[in-house]
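**Q** I am attaching a structure below and will ask some questions about it afterwards.
The values are calculated or read from the model by the stated rules, or taken from the named source; none is laboratory data. Everything numeric here is computed off the predicted structure, so don't read it as measured data. Cβ placement follows ideal geometry from the backbone for every residue including glycine, while neighbour counts extend to all protein chains displayed.
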Amino acid sequence: MIHEYRTYTIFPHLFARYCELAEKQGIPIRRDDYGPLVGFWASEGGTLCQVHHIWEYPGLDSRNAERVRLSENRAWMNEFIAHAWPTMQRQEVRFMQPRSSITRPQGSNIYEVRIYRSVVGRFVEMAEALKSRPRGDAATLVGIYTSESPEPNEVVEIVAYKDYSARLADGTQSRRQVEWFTKHGADLVDIRATPLVPLPISPLK
């Protein structure tokens, strides 16, 4: 199984337009007929006016076949893509392999995606170490992935929090986090984090 993580940076004045297109045209046309949607979020930190979405496929061959089939869907191309592409500054694609079971948190949540860049060749060890990273009672580990492309030495962690207070309680200066970083820091090069808010079309709320 692979998960395809897509990040689109939208022109700020067209961000609301893109979200409306995705909600009213894109997802209703595509549905889960070309690979199921895992989650669909908007960024609330770092680079703003971004959408992040993850799709699931049995493998790369299946993904490629479904993308070809989707491109042949006239409604998708004419009613969504023709209007969505002009709203975008940039598209980024990451292929990921799940290293943990995928958990669907209950209720409404905010999310954080962290990308850990490991020392070359230590990405599997980092993925295993992240399974034991301490998290608060109001946090749910959604999934841990190793990145296949474009950066092979990166690990992606997605965590859901009930609110921002729960996220702040898991700050990098908390004692438990400091202890974890001290133990595993030799395998790390850097960490990037982006807070995300699910859009109404997201299966993960």
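**Q** May I ask you to say which residue of G143, G121, G107 is touching a residue at least 12 places away in the same chain (Cβ under 8 Å), closer than 16 Å to H53 by Cβ and small (G, A, S)?
**A** Going through G143, G121, G107 in turn, the sole match is G143.
**Q** Further question on the same structure: Restricting attention to the stretch 118-145, which residues are surrounded by fewer than 18 Cβ atoms within 10 Å (Cβ to Cβ) and of a type in the set (A, V, I, L, M, F, W, C)?
**A** V119, V120, V124, A138
**Q** Do we find a residue being among the charged types (D, E, K, R) and within 17 Å of the chain's Cα centre (by Cα) anywhere in the stretch 67-86?
**A** The answer is no, given that none of the residues of the stretch 67-86 is among the charged types (D, E, K, R) and within 17 Å of the chain's Cα centre (by Cα).
**Q** Test of understanding: among I115, I201, I110, which residue is under 29 Å from L21 (Cβ atoms), under 16 Å from the mean Cα position of the chain (by Cα) and surrounded by fewer than 17 Cβ atoms within 10 Å (Cβ to Cβ)?
**A** Unique residue meeting the criteria: I201.
**Q** Return yes or no: is P86 surrounded by fewer than 19 Cβ atoms within 10 Å (Cβ to Cβ), outside the structural domain of G26 (by TED's automatic domain parsing) and not in a strand (DSSP E or B)?
**A** no
**Q** Being of a type in the set (F, W, Y) and either in contact with a helix residue (DSSP H, G or I) (Cβ under 6 Å, 6 or more places away or on another chain) or not in a helix (DSSP H, G or I) (or both), is that true of even one residue in the stretch 138-146?
**A** Checking the stretch 138-146: at least one residue is of a type in the set (F, W, Y) and either in contact with a helix residue (DSSP H, G or I) (Cβ under 6 Å, 6 or more places away or on another chain) or not in a helix (DSSP H, G or I) (or both).
**Q** Something else: Which residue out of R69, R99 is at negative phi, among the basic types (K, R) and buried (at least 18 other Cβ atoms within 10 Å of the Cβ)?
**A** Just a single option satisfies the conditions, and that option is R99.
**Q** Taking W41 and the conditions (1) assigned to a strand (DSSP E or B); (2) touching a Gly at 6+ places or on another chain (Cβ under 6 Å), which numbered condition does it fall short on, given that it satisfies the others?
**A** (2)
**Q** Which residues, counting only those in the stretch 159-191, are surrounded by 11 or more Cβ atoms within 10 Å (Cβ to Cβ), at pLDDT below 90 and outside any helix (DSSP H, G or I)?
**A** D170, S174
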